[in-house]
1. Do we have Phe350 as buried (at least 24 other Cβ atoms within 10 Å of the Cβ) and within 23 Å of the chain's Cα centre (by Cα) here?
2. What number goes with the only condition from (1) surrounded by fewer than 21 Cβ atoms within 10 Å (Cβ to Cβ); (2) closer than 20 Å to Gln383 by Cβ that Gln261 does not pass?
3. If a residue must be more than 19 Å from Ala198 (Cβ to Cβ) and either β-branched (Val, Ile, Thr) or in a helix (DSSP H, G or I) (or both), how many such residues does segment 23-74 contain?
4. If I go through segment 101-139 residue by residue, how many of them are more than 26 Å from Leu276 (Cβ to Cβ) and surrounded by 19 or more Cβ atoms within 10 Å (Cβ to Cβ)?
5. State whether the residues of segment 105-114 include one that is assigned to a helix (DSSP H, G or I), in contact with a Cys (Cβ under 8 Å, 6 or more places away or on another chain) and not assigned by TED's automatic domain parsing to the domain that holds Trp338.
6. Output the residues belonging to segment 413-433 that are farther than 14 Å from Val343 by Cβ, touching a strand residue (DSSP E or B) at 6+ places or on another chain (Cβ under 9 Å) and crowded, with 19+ Cβ neighbours inside 10 Å.
7. What do you reckon, is Ala158 small (Gly, Ala, Ser) and in a helix (DSSP H, G or I)?
8. Residue by residue through segment 424-459, note down the ones that are under 25 Å from Val357 (Cα atoms) and in contact with an Asp or Glu (Cβ under 8 Å, 6 or more places away or on another chain).
Amino acid sequence: MSVDTSLALLWFRQDLRLADHAALQAACASDRKVLPVYVLDDAAPGRWAMGGASRWWLHHSLAALTDGLRATGAPLVLQRGETVAALAALATETGATELYCGGSVEPWGRALERQVHDTLAGRGVRVRRFRTTTLFDMDTIRTQAGGVYGVYTPFSRACFAADAPRAPVAAPTRINGAEAASDRLEDWGLLPGKRDWAGGLRKTWRPGEDGARAALRRFLEEAVATYHDRRDFPSEAATSRLSPYLHFGEISAATVWHAAQAVGDGRGAQKFVLELVWREFSQYLLWHHPALPEVPLRPEFAAMPWRDDTAGLQAWQRGRTGVPIVDAGMRELWRTGWMHNRVRMIVASFLVKHLLVDWRAGQDWFWDTLVDADLGNNAASWQWVAGCGADAAPWFRIFNPVLQGRKFDPDGAYVRRHVPELAELPDVHIHAPWEAPATVLEQAGVALGRTYPRPIVDLAEGRARALAALNAVSSRNA
């Protein structure tokens, strides 16, 4: 490619869209030719490199972005390797004098931005960074004393008191594009190999910007009105399922915010916006506490006596704990790469409280298996459940999975969908089959210990053990 000093690189990251993309808008407004590029750098995130489900999603998201960009006249360049070297080489090859990009919240992403800036600036390339992933600037939401919020409710109030997120901007229909040598997406090996485990993902999801818009439209037309009252019932299509689209930036948080606000002031839309701000709070916590995925926010929990329970952890991962609502959630996760939020809390509480397994083991499993695996959301939510994170009174919260199942899956529809070996049990016994009379089990074709496991922990004993451990940690730090 010939050198062109009127060319700008557009570095896509977790903002794989054309609509409401501040860096893309600025690049187009610069009157320069624009060379879009995505770099797959597995080394930069370290242990937080994408898991299998995320890599599956990324493949299809990049395919959709490639098609969208090509239609505007700006083909996407794919590069695999070390990010700084790849971008520096492209800048040298093309003679680019500017690079536009969105900012990252992840610690490794922020460090990478600094490296890119320092390297390219030394070569005469101006780096321009824009906010493309969050609603607010992470440094502007502060307490009255100028500090960092540690509890969600006052944080949310501060967000609503701030200037509203900017109105979304439509995608450009034409980009003055440039070209350069590119890898083939198919050669990156992001999809499963001979052991194809992604059938459920293909049936469940439509990655890409069009899929994101369709998901938002469906939610606003069919579910937002009842969201406040029905969002906790996992058998119903009552949630937005926008989390993977938001994580990969196939739709902007501002677009979702304004679309929900436009619905009106109904309870459903209001509650949904609050959940969107919870996502923002998770990003905020990671921004201000970069060690969030590894270190408890409450330092006394570093002394928590976690159990080394490999068998229990594996049973949990496989959906074979003998507790139906837990197993249903873990099997939904494995099949679809997603889990209903209420059930995420239930399965997480079971692992860290009833089994007393370190929350980071659960976080790691979610990281590998969720299509919406997001470092801030994942870490903040696991710390919240474990009682060591940002919450006003967290440590004594222990979900009873049987009571949770009976309350939020009263007819057992969710369990029957994901744990079919229990499908013939009557509603009254579906969430605690070990309590069912032998004749009922026999009529339903359930043989505990053979067709379905017995519980791997007595729930009352597991709760007592957790409370004793939590009380010990609390008392040592009183």
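The values are calculated or read from the model by the stated rules, or taken from the named source; none is laboratory data. Because the structure is predicted, anything quoted here is derived from the model rather than measured. No Cβ is skipped: glycine too gets one built from the backbone with ideal geometry, and neighbour counts run over all protein chains shown.
1. Numbers: buried (at least 24 other Cβ atoms within 10 Å of the Cβ): yes; within 23 Å of the chain's Cα centre (by Cα): yes.
Taking the combined requirement at face value, the residue satisfies it.
2. (2)
3. Number satisfying all stated conditions: 21.
4. Keep residues of segment 101-139 that are more than 26 Å from Leu276 (Cβ to Cβ), which gives 111-112, 114-128.
Pick out the ones that are also surrounded by 19 or more Cβ atoms within 10 Å (Cβ to Cβ) and you get 112, 116, 120, 125, 127.
Number satisfying all stated conditions: 5.
5. Step one: filter segment 105-114 for residues assigned to a helix (DSSP H, G or I), giving 107-114.
Within this subset, residues satisfying the condition of being in contact with a Cys (Cβ under 8 Å, 6 or more places away or on another chain) are 113.
Still in the list and also not assigned by TED's automatic domain parsing to the domain that holds Trp338: 113.
Yes, segment 105-114 contains at least one residue that is assigned to a helix (DSSP H, G or I), in contact with a Cys (Cβ under 8 Å, 6 or more places away or on another chain) and not assigned by TED's automatic domain parsing to the domain that holds Trp338.
6. Leu422, Pro433
7. Details: small (Gly, Ala, Ser): yes; in a helix (DSSP H, G or I): yes.
Taking the combined requirement at face value, the residue satisfies it.
8. Step one: of segment 424-459, the residues under 25 Å from Val357 (Cα atoms) are 431-434, 448-449, 452-459.
Selection gives His431, Tyr452.
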